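**Q** Dumping the structure here so I can ask a few things about it.
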């Protein structure tokens, strides 16, 4: 079983109740709806030929297409997971997350997870407080990689 299957088994259907059909751009896209909000966990293979900012933008675009997200009416909070063999030489601040909600797809967290279980991530915070179950998502991702 590979890491993407492990992530899917760890989150679906317990945390994210729907699996969204994916295009070639995403390996996995899981969706969770609450009364007023929608969240996704999107998984893609890390591409060492592209810079991290471009990869995050590409995943955001794919999520928007797959979920028909729309700013102001149908925004979606997103955790982006990039799976790699070894963690690249990237620092946490390079994993850019959104600081405002003025997007159709609001990037709330970016994770790099290696197949050995090494993990680098950045989550949105407000007054140094993380929201949306970020700690449980991080621990599930790490245990999924091992």
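The values are calculated or read from the model by the stated rules, or taken from the named source; none is laboratory data. Not measured: the values here are computed from a predicted model. In this analysis, Cβ positions are derived from the backbone assuming ideal geometry, glycine residues included, and neighbour counts consider all displayed protein chains.
Quick grid of which residues meet (1) touching a helix residue (DSSP H, G or I) at 6+ places or on another chain (Cβ under 7 Å); (2) in contact (Cβ under 8 Å) with a residue 12 or more places away in the chain:
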| site | (1), (2) |
| --- | --- |
| 2 | no, no |
| 13 | no, no |
| 65 | no, yes |
| 74 | no, yes |
| 82 | yes, yes |
| 99 | no, yes |
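**Q** Do you know which of the residues in the stretch 119-146 that are in contact with a helix residue (DSSP H, G or I) (Cβ under 9 Å, 6 or more places away or on another chain) and surrounded by fewer than 14 Cβ atoms within 10 Å (Cβ to Cβ) is modelled with the highest pLDDT?
**A** Once the filter is applied, the top-ranked residue is 143.
**Q** Oh, and also: State all residues of the stretch 84-97 that are touching a strand residue (DSSP E or B) at 6+ places or on another chain (Cβ under 9 Å) and free of Cβ contacts under 8 Å to residues at least 40 places away in the same chain; if no residue qualifies, say none.
**A** 84, 85, 86, 87, 90, 91, 92, 93, 97
**Q** Name every residue in the stretch 15-52 that is surrounded by fewer than 13 Cβ atoms within 10 Å (Cβ to Cβ), touching a strand residue (DSSP E or B) at 6+ places or on another chain (Cβ under 9 Å) and without any contact (Cβ under 8 Å) to a residue 24 or more places away in the chain, in order of residue number.
**A** 17, 33
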